[in-house]
Amino acid sequence: MSEDTKFVTIATFQDPVDANLAQTALESAGVESFLQGGNANSMIPSAFTARLLVRSEDEAAARAVVDGAVDTPESMETVTAAEIADEGEVR
C-alpha cells in the first residue's frame, strides 16, 4: 500500500466478537481490512469500540459483504441443513 492510501470506517462494534466476525467475512471475500481499537475493545468492551476500516476503493464491496453477513447470518441450523443436503447428493 502506498502512503496515499485512504481508509474509511465501514462499521463500529461494541462487541469484540461481532468485530472479528465482520473482519473474517471481509477476509473470506478477499477484502483487506483492519480493526482499530480491537485490542482495547477485547479487554474492556464496555469502554471501547472497535472500528472496521478498509481502503476507500473497497468501501462499496466491503459494505455489501458486511451488510450481507448481518442480513443473512449463518446458523447451525442452516449449515447443518446444507451439509445434510450435500450428503444426500449422488456423486
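The values are calculated or read from the model by the stated rules, or taken from the named source; none is laboratory data. Computed from a predicted model, the values in this text were never measured in an experiment. No Cβ is skipped: glycine too gets one built from the backbone with ideal geometry, and neighbour counts run over all protein chains shown.
Considering the range 14-24, the residues that are crowded, with 20+ Cβ neighbours inside 10 Å and at pLDDT 90 or above include one that is nearest to Leu53 (Cα to Cα), namely Gln23. Determine whether the range 67-78 contains at least one residue that is modelled with pLDDT under 90, of a type outside the set (Lys, Arg), surrounded by 15 or more Cβ atoms within 10 Å (Cβ to Cβ) and under 15 Å from the mean Cα position of the chain (by Cα). Yes, some residue in the range 67-78 is modelled with pLDDT under 90, of a type outside the set (Lys, Arg), surrounded by 15 or more Cβ atoms within 10 Å (Cβ to Cβ) and under 15 Å from the mean Cα position of the chain (by Cα). Only residues that are surrounded by fewer than 19 Cβ atoms within 10 Å (Cβ to Cβ) and either closer than 16 Å to Ala69 by Cβ or touching a helix residue (DSSP H, G or I) at 6+ places or on another chain (Cβ under 7 Å) (or both) were counted across the range 39-48, and they come to 3.
Evaluated against (1) of a type outside the set (Phe, Trp, Tyr); (2) in contact with a Lys or Arg (Cβ under 6 Å, 6 or more places away or on another chain); (3) farther than 23 Å from Glu3 by Cβ, Val65 falls short on exactly one condition, (2).
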